[in-house]
Amino acid sequence: MKEKIKDIDTLKSENKELKKEINDLKNKINLLERKNIDNNNVKDKLEMDKSMIIKENEEDMIILEIEKRMNKQIKKLKKLYQATVDGGDSKNFHLKCDNIPNTLVLIKSEGERRFGGFTTIPWKSEEEFVMDSKMTTFVFSLDTKKIYNLKSINENAVYHCINSGPCFGNGRDIALDGNPIKENTLFTNKFSFDYQEDNQPLSEYYSYNRGKVVEYEVYQILFIVKNGRIFISNK
């Protein structure tokens, strides 16, 4: 009897994994269809403003992850801020990005590491740490193609400060202070997100070993609703 129960549990687990694989495959097919939709029917076509960091089709991993967490299809990734164009100073970041929910941050460091984060929480200039009760915030590495989730709802997801650009995590797992294009004010840490024993930090600047970034960009995520309108959700 115990062996039969064990076999049933194994089948349930395998079935669960199979359903997940099928669902992921459906999402990927749907994403490809939206990216390659006929130009005469642009309503549901997925768009992304040109990035100086992300390579062709690398955004797929991030798009699928955001859509899964938000349970919504993405219409467009609209660029709000580019450090080398808009000025790398934190005040310029806040001028362009404050009070806008659903933002994606892409970063490229001096050592050619490419990483970033996504959050539904609007950026603010007032100094504070903010939690994410819905656990939608995550950080990622484009180089290793890995995504890292918050450890729990009790972890601070982002840090706000007029003297800092976008910062993720209570231990500031990603920190862009001052003007990281000109100053040694970039560092990464391992604190609020679950890195699952991954020994490679997001950037070469780990803990308090600070360095510079070559570029960083911030995108606003625009979603599709059933009637075809674009909307911005802060949920």
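The values are calculated or read from the model by the stated rules, or taken from the named source; none is laboratory data. This one's a predicted model, so the numbers in the text were calculated from it and none came from an experiment. Because the Cβ atoms are built from the backbone with ideal geometry, glycine has one as well, and the counts that use them run over all protein chains shown. Just the protein is used for accessible areas: all its heavy atoms, side chains included, with ligands, DNA and RNA removed. Shrake-Rupley method; radii C 1.70, N 1.55, O 1.52, S 1.80 Å.
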Open item on the list: So in the range 169-226, with the set limited to residues that are part of a strand (DSSP E or B) and over 22 Å from Asn102 (Cβ atoms), which one is modelled with the lowest pLDDT?
Closed with: Tyr206
Task: Residue among Val42, Val85 that is β-branched (Val, Ile, Thr), open to solvent by 60 Å² or more (accessible area, probe 1.4 Å) and either within 19 Å of Ser203 (Cα to Cα) or at pLDDT below 95 (or both) - done: Val42
Task: Failed condition for Asn57, given (1) at pLDDT 95 or above; (2) over 14 Å from Tyr219 (Cβ atoms); (3) not β-branched (Val, Ile, Thr) - done: (1)
Task: Unique match (being open to solvent by 50 Å² or more (accessible area, probe 1.4 Å) and of a type in the set (Lys, Arg)) among Lys76, Lys108 - done: Lys76
Open item on the list: Take the conditions in a strand (DSSP E or B) and within 22 Å of Ile54 (Cβ to Cβ) and apply them to Ile74. Does it pass?
Closed with: yes
TODO: Identify, by number, the condition in (1) farther than 16 Å from Glu65 by Cα; (2) open to solvent by less than 20 Å² (accessible area, probe 1.4 Å) that Asn170 doesn't meet.
DONE: (2)
Open item on the list: Based on this model, can you work out whether Lys134 counts as touching a strand residue (DSSP E or B) at 6+ places or on another chain (Cβ under 7 Å) and either open to solvent by 10 Å² or more (accessible area, probe 1.4 Å) or touching a residue at least 40 places away in the same chain (Cβ under 8 Å) (or both)?
Closed with: no
Open item on the list: Of the residues Leu106, Leu80, only one is under 14 Å from the mean Cα position of the chain (by Cα), under 22 Å from Glu67 (Cα atoms) and not in a loop (DSSP other than H, G, I, E, B); which?
Closed with: Leu106
- [ ] Within the range 146-164, identify whether any single residue is over 19 Å from Lys190 (Cα atoms), open to solvent by 40 Å² or more (accessible area, probe 1.4 Å), in contact with an Asp or Glu (Cβ under 8 Å, 6 or more places away or on another chain) and β-branched (Val, Ile, Thr), and answer yes or no.
- [x] yes
